[in-house]
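Input: a single structure, listed below in structure tokens.
The values are calculated or read from the model by the stated rules, or taken from the named source; none is laboratory data. On a predicted model such as this, the values are computed, not experimentally measured, just so you know. Glycine also receives a Cβ, built like all others from the backbone with ideal geometry; neighbour counts cover every protein chain displayed.
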Amino acid sequence: MPSTGFSERRAEKHRYVTLDGLRGIAALMVVLFHAGHGLGTWSPRFGYLAVDLFFLLSGFVLALSYEPRFRRGMGTAEFLIARIVRLYPLYFLGLVLGVATALLNMDFPGLTFRGVLVSFFFGLFGLPSDVVPQHQALFAVNGPCWSLFFEFWVANVVFVLFRKRLGWKALLTLILVCGIGLVATEKVYYTVSVGWGWDNFAPGFVRVGFSFFAGVALARIHAVRPAKLKLPSWLFIAALPLLLSLPLGGELSHRYELICVFVLFPALIYWGAAAFERRPWFGAALGDASYAMYVIHDPLWALCSWLVYKMAIQQGLVLQLAFVFGIVGLAWGLNIADTRARGILMSRIRAWRLSPSRAGLYLPVERRVAGEGRRAEPVMGRLMGQGQSPDHLADD
């Protein structure tokens, strides 16, 4: 794909605040969806489709941020290390919270102490485990982690391993195959809400495959031909909760799911990337809190539900809203701590890789040869930029 070095570096450094805001709203809708179902209060009808938007955003952001780096010599290990550093700290916190909540509430049907330990062990590697047959969840102690499994172990791994073969023809073929698979999934399961349980595990691959790589395609289009129509950021941020809350049912709801995934969400991303922002702090704040919000809300909601039951607290919409606002505040604070922790971790990784005994081991062969007589700059040494993470574009 034709691209100048200037435009590539500009895309890497640019923060898409409207897309950050969309990610934050999507995470908020997931929290409302789970809390609403737990309390029997209001929940967005299509809140689960927020995950498809996450996958789409992730493909868009990672393609803009990392495809130029791949062309400049970034390798598989460097990419995966950057992704692990980005995702793992808060994921691990969510896992620990899930284990703690499960141990406090051992009356969960089918969940045993051994099952909690097995789930924790596999969870340390981001892998699912079948420990509660009645529940069928891939991750018994923190259910939403199923999407992180597909995000990292499927989408990210395929993205980096096949980066040199993922030209337009291969990319569009992959999107088409996954799209057909998603239509078939809708016909068989009557929903695209799949991948979270063992009884719907297999179609989870086409679910993440379509949205993630459609995001990659949108990023490539945006890099060379961004949308000319400039709409206000608030329009996109306001549209998403409406799209996820339409009270549709029956056959129309099945078709609407596919319309969202195939048409509406890509449109939000493509035109949202070109939106103009009058209050960028709002979208940035939502984006900053989104990942922590998503990865910790489920175990904390389980803990909250257990406490409400034990203390005989009246359940209702007030409790739901209090929980949501509490999660948003906590998530925003955790993001600050997570950003600092990742900065320290990346600095130590960079120092380790620049040590005399290891500095040249992780550079591509052609760069080590070209670097004779001068010090080649390790790609990982640039990952923090001017003290920033490569994911300042804020992926999920």
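Couple of notes before you dig in:
- Members of the stretch 232-253 found to be more than 17 Å from residue 44 (Cβ to Cβ) and touching a residue at least 12 places away in the same chain (Cβ under 8 Å), listed by number: 232, 233, 234, 235
- Cβ separations smaller than 6 Å between residues 6+ apart or across chains give the following pairs from the stretch 201-221 residues that are more than 19 Å from residue 186 (Cβ to Cβ) and at pLDDT 95 or above to residues that are part of a helix (DSSP H, G or I) and of a type in the set (Val, Ile, Thr): 218/269.
- Subset tally (residues that are closer than 30 Å to residue 35 by Cα and without any contact (Cβ under 8 Å) to a residue 24 or more places away in the chain) for the stretch 143-167: 1
- The stretch 61-106: number of residues that are of a type in the set (Val, Ile, Thr), more than 28 Å from residue 162 (Cβ to Cβ) and crowded, with 18+ Cβ neighbours inside 10 Å: 2
- Looking only at residues of the stretch 107-125 that are small (Gly, Ala, Ser) and over 24 Å from residue 161 (Cα atoms), we find that the one that is surrounded by the fewest Cβ atoms within 10 Å (Cβ to Cβ) is 110.
- Only one of the numbered conditions (1) touching a Ser or Thr at 6+ places or on another chain (Cβ under 9 Å); (2) under 29 Å from residue 80 (Cα atoms) is violated by residue 124, and that is (1).
- Some residue of the stretch 142-151 being in contact with a Lys or Arg (Cβ under 9 Å, 6 or more places away or on another chain), within 21 Å of residue 301 (Cβ to Cβ) and part of a loop (DSSP other than H, G, I, E, B): no
- Taken over the stretch 18-58, the criterion of being surrounded by fewer than 24 Cβ atoms within 10 Å (Cβ to Cβ) and of a type in the set (Val, Ile, Thr) is satisfied by 25, 41.
- Test: residue in the stretch 255-273 that is under 26 Å from residue 186 (Cβ atoms) and modelled with pLDDT under 95: no
- Within the stretch 282-315, the set of residues being more than 21 Å from the chain's Cα centre (by Cα) and either part of a helix (DSSP H, G or I) or closer than 23 Å to residue 18 by Cα (or both) comprises 302, 303, 304, 305, 306, 307, 308, 309, 310, 311.
- Checked against the criteria, residue 62 does not count as over 25 Å from residue 308 (Cα atoms) and free of Cβ contacts under 8 Å to residues at least 12 places away in the same chain.
- All told, residue 224 falls short of being touching a residue at least 24 places away in the same chain (Cβ under 8 Å), buried (at least 21 other Cβ atoms within 10 Å of the Cβ) and of a type outside the set (Phe, Trp, Tyr).
- Across the stretch 185-207, the qualifying residues are those that are buried (at least 16 other Cβ atoms within 10 Å of the Cβ) and among the charged types (D, E, K, R), and the one among them that is nearest to the chain's Cα centre (by Cα) is 207.
- Selection of helices (runs of 4 or more DSSP H) fully inside the stretch 194-279 by the criterion of at least 1 residues being of a type in the set (D, E, K, R) returns 204-224, 250-259.
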